[in-house]
1. Search the range A:1-40 for residues being open to solvent by 60 Å² or more (accessible area, probe 1.4 Å) and small (Gly, Ala, Ser), and hand back the single one that is nearest to B:Gly97 (Cα to Cα).
2. Can you tell me which residues in the range B:72-103 are closer than 25 Å to B:Ile12 by Cα, among the hydroxyl-bearing types (Ser, Thr, Tyr) and more than 13 Å from the chain's Cα centre (by Cα)?
3. Limited to the range A:70-112, what total is found for residues that are away from every other protein chain (no Cβ under 14 Å), under 18 Å from A:Ile4 (Cβ atoms) and open to solvent by 10 Å² or more (accessible area, probe 1.4 Å)?
4. Among the listed residues B:Tyr35, B:Tyr31, identify the single one that is farther than 17 Å from B:Ala81 by Cα and either within 11 Å of chain A (Cβ to nearest Cβ) or hydroxyl-bearing (Ser, Thr, Tyr) (or both).
5. So, in the range A:23-41, exactly how many residues are farther than 17 Å from A:Asp82 by Cα, of a type outside the set (Phe, Trp, Tyr) and either more than 12 Å from chain B (Cβ to nearest Cβ) or not in a strand (DSSP E or B) (or both)?
6. Select from the range B:78-103 the residues that are surrounded by fewer than 14 Cβ atoms within 10 Å (Cβ to Cβ) and away from every other protein chain (no Cβ under 11 Å) and write down the one among them that is nearest to A:Asn30 (Cα to Cα).
Amino acid sequence: GQNIDQPTEMTATEGAIVQINCTYQTSGFNGLFWYQQHAGEAPTFLSYNVLDGLEEKGRFSSFLSRSKGYSYLLLKELQMKDSASYLCAVRAPYNQGGKLIFGQGTELSVKP
Amino acid sequence: DAGITQSPRYKITETGRQVTLMCHQTWSHSYMFWYRQDLGHGLRLIYYSAAADITDKGEVPDGYVVSRSKTENFPLTLESATRSQTSVYFCASSALGAPYEQYFGPGTRLTVT
């Protein structure tokens, strides 16, 4: 079976740091993605991890531990525009079509 | 460079009617995908295509039909629309190589009355 869990909602303060966790149990693994989705808009790609460790991209970092089935997205120096839904997605292996399986998303509210 | 586009952006139809949602990408990406997004369910894969004339079912394919005669187009047809198919539909595409990120179209908001 496929199961991806994220917190439903989080609230943080402008200028602070927030960590959004994602745990997964899937029958195969070929990478983990984070997407950002503002209300009424399409998801946009943030990061991709296929090996264990931290990937840093500006204010955003993403971490992966394959043995623990765990990832997090770290947002630093939060800005009001970071208020959005953050989607964790696991990519299935090629022999399963390489499809993305999405979690339900974490709605982040950034307050002044 | 238009990227990936969807049409129509908004559609209201009646139960039992056939509806086709269009998706067009200008990147010559091999892979294309159709998702629906509903409150409480997140993004769910309906169908995907690895190349022209190659399609496969996703998580929720029932009631939908796809075709891909050209690399750049991937239409989704609801053969007989039902109220449960009221949703926001996103098309996405991705290239063959790493990191395989998917680029999403702007979405079609479909209401079935």
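The values are calculated or read from the model by the stated rules, or taken from the named source; none is laboratory data. Everything quoted here is computed from the prediction, not taken from an experiment. Cβ placement follows ideal geometry from the backbone for every residue including glycine, while neighbour counts extend to all protein chains displayed. Note: areas computed on protein heavy atoms with side chains; ligands, DNA, RNA excluded. Shrake-Rupley method; radii C 1.70, N 1.55, O 1.52, S 1.80 Å.
1. Per the criteria, the residue is A:Ser27.
2. Within the range B:72-103, B:Ser80, B:Thr82, B:Ser84, B:Thr86 qualify.
3. Number of matching residues: 2.
4. Values: B:Tyr35 fails: farther than 17 Å from B:Ala81 by Cα.
Of B:Tyr35, B:Tyr31, the one residue that is farther than 17 Å from B:Ala81 by Cα and either within 11 Å of chain A (Cβ to nearest Cβ) or hydroxyl-bearing (Ser, Thr, Tyr) (or both) is B:Tyr31.
5. Of the range A:23-41, the ones farther than 17 Å from A:Asp82 by Cα are A:23-33.
Next, only the ones that are of a type outside the set (Phe, Trp, Tyr) stay: A:23, A:25-28, A:30-32.
Pick out the ones that are also either more than 12 Å from chain B (Cβ to nearest Cβ) or not in a strand (DSSP E or B) (or both) and you get A:23, A:25-28, A:30-31.
Within the range A:23-41, residues that are farther than 17 Å from A:Asp82 by Cα, of a type outside the set (Phe, Trp, Tyr) and either more than 12 Å from chain B (Cβ to nearest Cβ) or not in a strand (DSSP E or B) (or both) number 7.
6. Step one: filter the range B:78-103 for residues surrounded by fewer than 14 Cβ atoms within 10 Å (Cβ to Cβ), giving B:79-80, B:82-84, B:96-98.
Still in the list and also away from every other protein chain (no Cβ under 11 Å): B:79-80, B:82-84, B:97.
Numbers: B:Glu79: 34, B:Ser80: 36, B:Thr82: 35, B:Arg83: 35, B:Ser84: 32, B:Gly97: 13 Å.
Looking at residues that are surrounded by fewer than 14 Cβ atoms within 10 Å (Cβ to Cβ) and away from every other protein chain (no Cβ under 11 Å), I get B:Gly97.
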